[in-house]
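Undergrad: The structure's right below; bear with me while I get my questions together.
Any read-out appearing in this document is the output of simple, stated calculations on the displayed coordinates, not a laboratory observation. It should be emphasised that the depicted structure is a prediction, and the values quoted were computed from it without experimental measurement. For neighbour counting, all protein chains shown are included, and Cβ atoms are generated from backbone atoms with ideal geometry for every residue, glycine included.
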Amino acid sequence: MRLEVRLTNRSPRSVGPFALTVVPFQDHQNGVHNYDLHGAVSFVGSSTFYLDAVQPAGQAACLGALLFLYTGDFFLRVRVQEDSTSKELPPSWFCLPSVHVRALEGQA
């Protein structure tokens, strides 16, 4: 599965540097999240993207890919962490909603 995460800076000043990490997990619907998916999900490339800065009204895109080795329902948590000493990013950047992915059996 191709993965593209786009960030848009709507603030009046440049933000960054920061790291964007994609963390796959399964939700067992009982409050338990399984993050140990080494045998079920594999990243093609890296799961963490480093961005220097995003200019005002500018965008940055992080491109990657995931390989699902089994069918099922998975979720992707996108985390943004500042890579600098100044803490100027708004809290909403750090709590992006999870993305639901349903991996289905491929057609031959």
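Undergrad: Just to be sure I understand the filter: pairs with C-beta atoms under 8 Å, separated by 6 or more residues or on different chains, first member in the stretch 35-53 and closer than 16 Å to Val5 by Cβ, second member among the hydroxyl-bearing types (Ser, Thr, Tyr). Which pairs pass?
TA: What qualifies is Ser47/Thr21; Thr48/Thr21; Phe49/Thr21.
Undergrad: Restricting the search to the stretch 34-52, which residues are surrounded by 14 or more Cβ atoms within 10 Å (Cβ to Cβ) and within 18 Å of Val78 (Cα to Cα)?
TA: Leu37, Val41, Ser42, Phe43, Ser47, Thr48, Phe49, Leu51
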